[in-house]
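J.: Have a look at this one before I ask anything.
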Amino acid sequence: MTTTDEFEMHREAERLEEVVEEASNLAEKLGLDPYPVNYWIVDYDEMNELIAYGGFQQRYPHWRWGMKYDRQQKQGQFLGGKAFEIVNNDNPSHAFLQISNSLADQKAVITHVEAHADFFNNNEWFGLFADNPDAAAMLARHAEAIEEFMQDPEVDRSDVERWIDHVLCLEDNIDQHSPYEAIDPDSDAPDIDTGELDEELGELELSEEVRQQVFDDEWLEAQTEDGEAATFPADPEPDVLGFLREYGKQYDDESGKATEMADWQKDVLEMIRREAYYFAPQKITKIMNEGWASYWESLMMADENFADADEFITYADHMSQVLGSPGFNPYSLGIELWEYVENTENRRHVAEQLLRVEGITWRNFHETIDFEDVLATLEPDEEIANIGPDALDRLDPEDSRVDAEALERAHDGEIDVETYPWKVLTYEGMAQRHYSLTKPQFRGFLTRISQSELERVSRYMFDDARYDSVAEALADAEYTVGWDRMREIRESHNDVTFLDEFLTQEFVDDNDYFTYEYMRSSDDYRVTSTDHEDVKKKLMLQFTNFGKPTIVVADGNYDNRNELLLDHKFNGIMLDIEQAKDTLERVFELWGRPVHLRTIAKEYDEHDVEVARRRDREPEAIEQGRLISYDGMEFSETDLDWSEVEHLAASEIDYDTKPEEWLA
C-alpha cells in the first residue's frame, strides 16, 4: 500500500469516527446490545479477499479461496454487484468498510453491522460454539498449522491439498444443533467382539505389524462364534465428520488396505470440522440475521434520519436494490417477517386493551371500533414525534419516555438535538416514536384482525382490568411490546423454527408468496400453491441442514466388515446420484474401506407419465429403496426392500425435520 493510500484510509477513518460512535449510541437507545465492533477501511481488492475468506484476513492455503475471489471480482465487473460490507461473528466483531463507498453507504453499513453484532451477541445458536469464540485467532492458527504441514519435507503439498478437498466435501455434515466438542485424539473404534481369539493371539506375542498383515480385521471378524455383527454407533450419528475423525482411516494404495491416518491428516480434519461448527450458526440463521440487520438499519437510516437529507436518495436506491434482488432473498424475507412479528404483537396487545372496554367483545369488535380514531390515538405525541431545539421545553423530564439527564445536557447545548433528536429519549420513548401500527404502510394491519384471532385473544386474557372508554384503554397501551417480543425471538430461534412459527397464511397473502414445481406432465414449471403450509415446507427444506441432503452414519461395521453405511434422510427430494457417487469417493478416502449409502429414489412409469400428460395431471411416483456402494474402484447400485429404507422416509408430521425440543 502506498503512502497516498494510507493517507486516504486514515482520512476516511477520521471522517467516520463520529458516525461509528453515534450509530453505536443509537443502537443502544433502540435496545440493542451488540458486541463491540472494530471497523477497518479497506480497498476494493482487499474487500474481495475478505469476502472470499468468509470475513477474515487469514485462512488456510487452498484453491477454493482463489475461486471465490475470482467469482466475487467478476460479479462486480460484469454483473454490477457491489460489496458494501462484511462483518464476522467475534468478540469484538470486526467489520470492513470499502473506501470507495459514499458516506450514505458507509452509514448504512455501520448501522447494519451494529444490528448484526447484536444478533451475534444475543442469539443462543451462536453460543453453541463458544461464549467468546476469538474466531480470528482460531482461523489464523489453523492457517499457520496447515501451511506448516505443506512446508514439511516429509509431506507432499499436493497430498495436503487433496486431503482438504476430501474433508471439505463433507464440511456441512455436522451436528449443527449441538455444541462443538473436540474429538479425543486417543479414541479408537469400538472393538469387534471376537471372544477368546484375541487372548489367544496375544499369547503368541506377535508383533503388531505381523498381526495386522496375517490376522487382519476381516479375518478376525470371520472367526466370531455367534456370527452376529457388532454395530456402532447405537443411534444414527449426524456428525459425519466427527465420526470419520474418530474412527476413520486412510486407504493405502501400496498395501491395498486401510491404515491409520497420519497425525497431520487427523489435525487437518479436526480443524476443518471445528471451522464448520463455527460457521454453522451463521448458516442456520441467515434469514433472521439479515432481516434483523436490515430492519434496524432501515429504522435508523430512514425513520430516525441517520442518513442526512442529501444522502437519503442514495441510501434508498441502494436499499431497494438489496431488498429487490431477484431469486430467493434472505434480506427481503427476513425484514418482512420481523415487521410481521412486530405488527402482530402490537396488534394483539391493542386488541387486548380494546376488549377490556365495557361493551366491546370479540363478536362486535369490528362493528364497534372506530379504527381511524384508534390509530390517531396511538400516534406518537407531538413532543415525541418532532423533537428539535425549539421543542425541548415541551419535554417533561419526569416523563418515562424522556432521558432527563440527556435533556438537561441538550438545554445546556451539549447535545445537538437538531442532528440527534433521539438522544433525549429513552427506550420507551423510541418505541412510541417508531410505533409500527401507525406507520403509513401498516395502517390497515389492525383493521384486518380476524374473528378467530380476537376470540383467541379474548380467551387468554388474564388481566381482568376494565375500562369505561377506548381512550382510557389506549392510554395504558404499551408501545414496547413489539420490540420486546422481537428481542425474545432473536435470542432463541433459528431460521427453521422462525419460519415454522411465524410464516402464517396472513403473511403469505400479504406478501404474495407461492410455491412452484416442475411438472412432468407439461415439462415446465407452474405455480402449485399459495397455502402457507406448502410455502413454509418449501422454504424450510432450503434451510434444514443448510438446504443440503441430511446424511447420518448408520453403521461403522456394516455387514460385520468394518465398512461404513450412511443413511440419507429422505424428505421427498431425491439425491443427485452422480453427486452422491462423487461424495462417496471422498468418504472412502476418509474411511479407508468400502462405503455404502442408503437412500430412496423416485421412479416413474413411462405409461403413467403419458396418461398423466394427456389428462393434465401429475403422475404418481414409485418410491424405491436403493443402496449405492463404492469399494475404492467400482460403484454398484442395489435395489432394497421397502422395509430396509422405510425408516428414512419423512412423514407429513416430521417433514420439516424440526426437533420438538428446539423450542422447549
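Taken together, the values in this text are just the output of simple stated rules run on the coordinates, not laboratory data. Everything numeric in this text was worked out from a predicted model, so none of it was measured. Backbone-built Cβ (ideal geometry, glycine too); neighbour counts: all protein chains shown.
J.: Once you list every other residue whose beta carbon is under 9 Å from the beta carbon of residue 330, what net charge do they have if Lys and Arg are +1 and Asp and Glu are -1?
T.: Working: positive: 286; negative: 290, 495.
So the surrounding residues net to -1.
J.: Take every Cα pair under 8 Å in segment 330-507 that's 6+ residues apart, average their separations, divide by the length, and report that relative contact order as a whole percent.
T.: Numbers: 167 pairs, mean separation 70.0, N = 178.
Relative CO of segment 330-507 lands at 39 percent.
J.: Something else: Could you name the lysines whose alpha carbon sits less than 18 Å from that of residue 29, not counting residues in the same chain fewer than 8 places away?
T.: In chain and number order, the partners are 107, 423.
J.: With the convex hull built on the Cα atoms of the chain, state its orientation-averaged projected area in nm².
T.: Averaged projected area of the chain's Cα convex hull equals 39.4 nm².
J.: What pairs in 68/581; 283/439; 286/537; 286/602; 283/537; 538/602 have C-alpha atoms more than 21 Å from each other? Don't skip to the end; give the middle numbers.
T.: Numbers: 68/581 25 Å; 283/439 32 Å; 286/537 17 Å; 286/602 31 Å; 283/537 18 Å; 538/602 18 Å.
Flagged as over cut-off: 68/581; 283/439; 286/602.
J.: For residue 550, which sequence-distant residues (separation of 5 or more, or a different chain) have an amide H within less than 5 Å of its own amide H, given hydrogens modelled in the peptide plane?
T.: 569
J.: log₁₀ I(q)/I(0) of segment 330-507 at q = 0.08, 0.12, 0.16 Å⁻¹, via Debye over equal Cα point scatterers, no solvent, to two decimals?
T.: Normalising to I(0) and taking log10 leaves -0.31, -0.66, -1.04.
J.: What does the highest-first list of 20-30, 258-268 look like by mean Cβ count within 10 Å?
T.: On the way: 20-30: 19.0, 258-268: 17.2.
Ranked from most to least packed, the peptides come out as 20-30, 258-268.
J.: Need one number: nm distance between label points at residue 559 and residue 534, each 7 Å from Cα along Cα→Cβ, rounded to one decimal.
T.: Between residue 559 and residue 534, the label points sit 4.3 nm apart.
J.: Figure the gain on full extension for residue 317 and residue 613 (residue separation times 0.36 nm, minus the Cα-Cα span) and round it to one decimal in nm. Working shown, then result.
T.: Working: separation 296, 0.36 × 296 = 106.56 nm, distance 4.59 nm.
Roughly 102.0 nm would be gained on extension.
J.: Once label points are set 7 Å from the Cα along Cα→Cβ at both residue 642 and residue 576, what is their separation, rounded to one decimal in nm?
T.: About 3.0 nm, to one decimal.
J.: What whole-number volume per residue, in cubic angstrom, does the convex hull of the C-alpha atoms of segment 477-546 give?
T.: Values: hull volume 7.1 nm³, N = 70.
So the per-residue Cα hull volume is 102 Å³.
J.: Given the DSSP H assignment, sum -39500 (n - 2.57) over each helix run of at least 4 residues in the chain and divide by its residue total; what's the result at 222 nm in deg cm²/dmol, nearest 500?
T.: Working: 28 runs with 317 residues, N = 664.
About -14500 deg cm²/dmol.
J.: Could you run the Karplus curve 6.51 cos²θ - 1.76 cosθ + 1.60 with θ = phi - 60° over segment 637-646 and give me ³J(HN,Hα) per residue in whole Hz, x for Gly and Pro?
T.: Listing the rounded values in order: 10, 10, 6, 10, 5, 4, 4, 7, 10, 4 Hz.
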